[in-house]
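Notes follow the structure.
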Amino acid sequence: MGSVAQSVYIAGIYEHPTRKAVDKSLGQLYFEIAQGAVADAGLSLSDVDAFYCDTDAPGFGPLSIIEYLGIEVRHYDSTDVGGSAPMVHLSHAAQAIATGKCNVALVTMAGKPRTGGRGLDTQPNWAVPELAFELPYAHGVVDQYAMSAMRHMYEFDTTAEQLAWIKVAASHHAQHNPHAMLRDVVTVEQVLGSVMIADPLHRLDCCVVSDGGGAFVVVSQEIARQLKRPRVRLRGAGEAIRDLRGGTADITSSGAVVSGATAFAEAGLKPSDIKYASLYDSFTITVLIQLEDLGFCKRGQGGAFVSDGKLISGVGKLPINTDGGGLCSNHPGNRGGMTKILEAVRQLREEAHPAVQVRNCDLALAHGTGGWLASRHGSATVILERV
Amino acid sequence: MDVQTLTPLTPVPPVSPETEAFWDATATDRLLVKFCNSCNKVHVYPRAHCPFCFSVDTEWRESPGEGEIYSYTVIRRETPPRVVAYVRLDEGVILLTNIVGCDPNGVHIDQRVKAVFPRAEDGPCVPAFVPASPTQELAYRRECQGAESHEKD
């Protein structure tokens, strides 16, 4: 399996600069990210022979958006595991390329939750088996993450101050990103002083809501060699589903325990080899639990690991989310996985902002948690290498 | 106390053949869980098969409806604030619920709680939990009665 991943490269990336797409349709966003990513690779849309998207793409699976774009593909995948979908798509594209099913895979993600490009379902789908036992208790995404945080605090003495440091680090990075929604550096006190949304998570423990999106192009080794862009190789990948397991789950850890171990084993690497990490930051607690689950620190020690600026580039031991992440820059379509992969590639190409560029960044990790931390979610990890 | 903290929030689920017995029981203030005769484990939410050993030899068992708060949050975005929680039943499984009939600011992990069955306007009763002190339960029942008589007005 190691050879499958290692023969595949990310050749092009594009992040849409918009955070509020008032004057564009969702289809236009898809075209612009697709065009942007293939252009970055030095390719054109006519070279694309595989397409990947999640269910934020309007239409039935990938059908409508493939037609809208005008591309012709022989491989496709619209697996939706929320914000972890782009990591899963990268892994699936790599497998398809390695087995000869395609050569140029375009992975996309765009959404317009701010300006309403997609209506929400008003009728619950009661065929979803758990729904009758959950929906009546009327709670939102943030409440799920809050319950994980509350239990983590109870079991490991994690504090609100420690969680706040994750936001502080994000804000230090976001000040250098001209596209970031929140560019002001904030303090721990400001996080703790922001309004409580769901105990123990404050407003500033939560990511932003933004329009936008991004895309990347995955190619075979033969094609990568013909292109003039820096070569970023997929070194390892892992995916997992975590759920409540009949009522026996531990909500202080995530599927990253499995997806991370799988990715590190495939890459033949360990967490201390990683120079930069893009970690899903829907909420501050998401980052902390992933750090533990991926093995960057021991279980229960995430609080100490993130404190005192340890996640800030140039200052801390493990720089994360140097674009400002979902906490400050953007969270297009309420999904942060795509931008995680894009910033990891920028770091490996040494194309991050100079103020946050990690020196000698040859190995990076990107991880997504899609869904609900305290019940069911998809976890996916990719490890990338500059070669 | 505001009546909103006593009644489950809509929407109320429709009854399916797989879970009909569960909702029949809540209408008479009883909490049922599914027990597997093959591996002797309780699971929630209830399914026709056992998610641990995949046996279809499962049966309904009445739970005392007692347990402790495993985790919770106070939804501060609503007025009044409301508590959503995972309760760990004494049978060992955690289930999602609301903690009602008490001050959200007094709720804490490991707090003993007991199932209650607020009446819904239409559809089945959805179980919730109250802190398991005799005075708290009594106060809760009085509030419910008050709410019902208020609705009749």
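The values are calculated or read from the model by the stated rules, or taken from the named source; none is laboratory data. Remember, it's a predicted structure, so these values are computed and weren't measured experimentally. Using ideal geometry, Cβ is built from the backbone for each residue, glycine included, and neighbour counts are taken over all protein chains shown.
Figures for the structure shown
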{"quantity": "Cβ pairs under 7 Å, 6+ apart, first in the range A:244-271 and among the basic types (Lys, Arg), second surrounded by fewer than 24 Cβ atoms within 10 Å (Cβ to Cβ)", "calculated": "A:LYS270/A:PHE264"}
{"quantity": "Sole exception among (1) closer than 30 Å to A:ASP157 by Cβ; (2) touching a residue at least 40 places away in the same chain (Cβ under 8 Å); (3) among the aliphatic types (A, V, I, L, M) for A:VAL185, by number", "calculated": "(2)"}
{"quantity": "Among (1) within 17 Å of the chain's Cα centre (by Cα); (2) crowded, with 20+ Cβ neighbours inside 10 Å; (3) not acidic (Asp, Glu), the one test that A:ARG19 misses", "calculated": "(2)"}
{"quantity": "Selection within the range B:23-44 - in a loop (DSSP other than H, G, I, E, B), of a type outside the set (A, V, I, L, M) and touching a strand residue (DSSP E or B) at 6+ places or on another chain (Cβ under 7 Å)", "calculated": "B:ARG30, B:ASN37"}
{"quantity": "A:LEU318 being over 25 Å from A:GLY111 (Cα atoms), away from every other protein chain (no Cβ under 14 Å), surrounded by 24 or more Cβ atoms within 10 Å (Cβ to Cβ) and at pLDDT 95 or above", "calculated": "no"}
{"quantity": "Considering residues of the range A:191-209 that are of a type outside the set (Gly, Ala, Ser) and part of a helix (DSSP H, G or I) only, the residue surrounded by the fewest Cβ atoms within 10 Å (Cβ to Cβ)", "calculated": "A:ARG203"}
{"quantity": "Counted residues, the range A:128-171 - those being surrounded by fewer than 24 Cβ atoms within 10 Å (Cβ to Cβ), of a type in the set (A, V, I, L, M) and in contact (Cβ under 8 Å) with a residue 24 or more places away in the chain", "calculated": "4"}
{"quantity": "Residue tally, condition assigned to a helix (DSSP H, G or I) and either within 13 Å of another protein chain (Cβ to nearest Cβ) or within 22 Å of the chain's Cα centre (by Cα) (or both), over the range A:220-256", "calculated": "4"}
{"quantity": "Hits in the range A:25-45 (condition: surrounded by fewer than 18 Cβ atoms within 10 Å (Cβ to Cβ) and without any contact (Cβ under 8 Å) to a residue 24 or more places away in the chain)", "calculated": "A:GLN28, A:GLN35, A:SER44"}
{"quantity": "Filtered residue count, the range B:108-120, keeping only those that are in contact with a strand residue (DSSP E or B) (Cβ under 6 Å, 6 or more places away or on another chain), at negative phi and within 9 Å of another protein chain (Cβ to nearest Cβ)", "calculated": "1"}
{"quantity": "A:ASP80 acidic (Asp, Glu) and in contact with a helix residue (DSSP H, G or I) (Cβ under 8 Å, 6 or more places away or on another chain)", "calculated": "no"}
{"quantity": "Subset tally (residues that are part of a strand (DSSP E or B) and among the hydroxyl-bearing types (Ser, Thr, Tyr)) for the range A:272-309", "calculated": "2"}
{"quantity": "Filter result for the condition that a residue is in the same structural domain as A:ALA366 (by TED's automatic domain parsing), more than 23 Å from A:VAL356 (Cβ to Cβ), at pLDDT below 95 and surrounded by fewer than 24 Cβ atoms within 10 Å (Cβ to Cβ), over A:ALA240, A:ALA249", "calculated": "A:ALA249"}
{"quantity": "The range B:48-97, residues that are facing chain A (nearest Cβ under 7 Å), part of a loop (DSSP other than H, G, I, E, B) and of a type outside the set (A, V, I, L, M)", "calculated": "B:PRO51, B:PHE52, B:ARG76, B:ARG77"}
{"quantity": "Qualifying residue in the range A:184-197 (condition: over 26 Å from A:GLN347 (Cα atoms), within 14 Å of chain B (Cβ to nearest Cβ) and among the charged types (D, E, K, R))", "calculated": "no"}
{"quantity": "Some residue of the range A:118-127 being outside any strand (DSSP E or B), in contact (Cβ under 8 Å) with a residue 24 or more places away in the chain and not assigned by TED's automatic domain parsing to the domain that holds A:PHE51", "calculated": "yes"}
{"quantity": "Which listed residue is among the acidic types (Asp, Glu) and farther than 21 Å from A:ALA180 by Cα, from A:GLU343, A:GLU350, A:GLU292", "calculated": "A:GLU292"}
{"quantity": "Long-range neighbours under 8 Å by Cβ, at least six apart or interchain, first residue in contact (Cβ under 8 Å) with a residue 24 or more places away in the chain within the range B:99-110, second in a loop (DSSP other than H, G, I, E, B)", "calculated": "B:ILE99/B:VAL107; B:VAL100/B:LEU6; B:VAL100/B:PRO118; B:GLY101/B:MET1; B:GLY101/B:LEU6; B:PRO104/B:PRO80; B:PRO104/B:PRO81"}
{"quantity": "Filter result for the condition that a residue is of a type in the set (Ser, Thr, Tyr) and over 15 Å from the mean Cα position of the chain (by Cα), over A:SER259, A:SER329, A:SER278, A:SER307", "calculated": "A:SER307"}
{"quantity": "The one condition in (1) in contact with a Lys or Arg (Cβ under 8 Å, 6 or more places away or on another chain); (2) part of a loop (DSSP other than H, G, I, E, B) that A:ALA355 fails to fulfil", "calculated": "(1)"}
{"quantity": "Sole exception among (1) in a loop (DSSP other than H, G, I, E, B); (2) crowded, with 16+ Cβ neighbours inside 10 Å; (3) within 11 Å of chain A (Cβ to nearest Cβ) for B:CYS102, by number", "calculated": "(3)"}
{"quantity": "Extreme residue, surrounded by the most Cβ atoms within 10 Å (Cβ to Cβ), among residues of the range A:100-115 that are of a type in the set (S, T, N, Q) and at pLDDT 95 or above", "calculated": "A:THR108"}
